[in-house]
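**Student:** Pasting a structure below so you can have a look.
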Amino acid sequence: MKQDGDLDSLVRQRLRGLRLARGWSLDDLAARSYLSPSTLSRIETGHRRIALDQLAPLARALGTTLDQLVESGDDGDVVIRPHRDEARGMTTWLLSREHTPHGVTVAKLRITRPVPADLRVHPGRDWFTVLSGTIVLRLGERTIRVRTGEAAEFSTMVPHAFGAEEGAAEVLCILDHDGERTHLGPARDGTAEA
């Protein structure tokens, strides 16, 4: 099966690349992984099948995980494509992968809508920095303008909404699980959420 052969080749390249990046000889890696230098040589060159009981000590010795050694070499995850939501007046680029540490999501947003009238609340905190344009942040009774190069961080238990002032604005934001669901999830009942 070609796909299995491609993955096998990729794992071999990764093993050799990690060893060379550390400046280790086959003997150095052999001492750290408890495999013989000749076995390692045959694994790297494709003259020996790679067994799971060999991958675990190799990953440990090379300071990586089995998941990282065998993850897909597909480059489909390299390009981050925008998701446009015309109804909400936002384009989103998700910059973090699923299952990130601490459950946070990093996203770039291009916001074209004005600040919504309805203020929302949810558990947690939101943080964003304005890359271009001006964001109008309604936070309780306050209206705050956050301009290019400025950042805002606030409790999301305070009723809030944000939108662009005079055209489009781009922000880089960090959202916890509740913030992601509220700000990046589908709008309920056709209403735009901040």
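**Student:** Stretch ASP6-ILE144 to full length: gain in nm at 0.36 nm per residue minus the Cα-Cα span? Don't jump to the answer; show the numbers that get you there.
**Tutor:** On the way: separation 138, 0.36 × 138 = 49.68 nm, distance 5.36 nm.
Between ASP6 and ILE144, full extension yields 44.3 nm more.
**Student:** Would you kindly find the accessible area of ARG110, with a 1.4 Å probe and non-protein molecules such as ligands, DNA and RNA excluded, rounding to the nearest 10 Å²?
**Tutor:** It works out to around 90 Å².
**Student:** With every protein chain kept in the model, how would you rank LEU20, LEU119 by accessible area, 1.4 Å probe, largest at the top?
**Tutor:** On the way: LEU20 90, LEU119 55 Å².
Ranked from most to least accessible, the order is LEU20, LEU119.
**Student:** Right, another one. Along Cα→Cβ, 7 Å out, is where each label goes; now give me the distance between the ones at ALA168 and ARG49 in nm to one decimal.
**Tutor:** 5.4 nm
**Student:** What ³J(HN,Hα) values, in whole Hz, does the Karplus curve 6.51 cos²θ - 1.76 cosθ + 1.60 give for the range 133-148 when θ = phi - 60°, with x put for Gly and Pro?
**Tutor:** Running phi through 6.51 cos²θ - 1.76 cosθ + 1.60 with θ = phi - 60° gives x, 10, 9, 9, 10, 8, 10, x, 8, 8, 10, 10, 9, 10, 9, 3 Hz.
**Student:** Ok, one more. Label ARG81 and SER36 with points 7 Å out from Cα along Cα→Cβ: what is the distance between them in nm?
**Tutor:** Distance between the two pseudo-spin positions: 5.0 nm.
**Student:** Only four residue types carry charge here, +1 at the Cβ of Lys and Arg and -1 at the Cβ of Asp and Glu. Report the dipole size of the range 126-172 about the Cα centre in Debye, rounded to the nearest 20.
**Tutor:** Values: 4 positive and 7 negative charges, 21 e Å.
About 100 debye.
**Student:** Using a 1.4 angstrom probe on the protein heavy atoms only, line up ARG142, ARG48 by accessible area, largest first.
**Tutor:** On the way: ARG142 145, ARG48 90 Å².
Putting ARG142, ARG48 in descending order of accessible area: ARG142, ARG48.
**Student:** Please list the non-local residues whose amide H lies under 5 Å from the amide H of ILE144, H modeled 1.01 Å from N, same-chain partners needing a gap of 5 or more.
**Tutor:** Distant-sequence amide H within range of ILE144: LEU137, ARG138, LEU139.
**Student:** Same structure, new question: Between THR134 and residues 5 or more places away or on another chain, which pairs have amide H atoms under 5 Å apart, with H built 1.01 Å from N, and which residues are they?
**Tutor:** Amide H neighbours of THR134, under 5 Å, 5+ apart: GLU165.
The values are calculated or read from the model by the stated rules, or taken from the named source; none is laboratory data. Predicted model only: the values in this text are computed from it and were never measured. Cβ sites come from the backbone with ideal geometry, for glycine too, and all protein chains shown count toward neighbours. All accessible areas refer to the heavy atoms of the entire protein, side chains included, with ligands and DNA or RNA removed. Shrake-Rupley method; radii C 1.70, N 1.55, O 1.52, S 1.80 Å.
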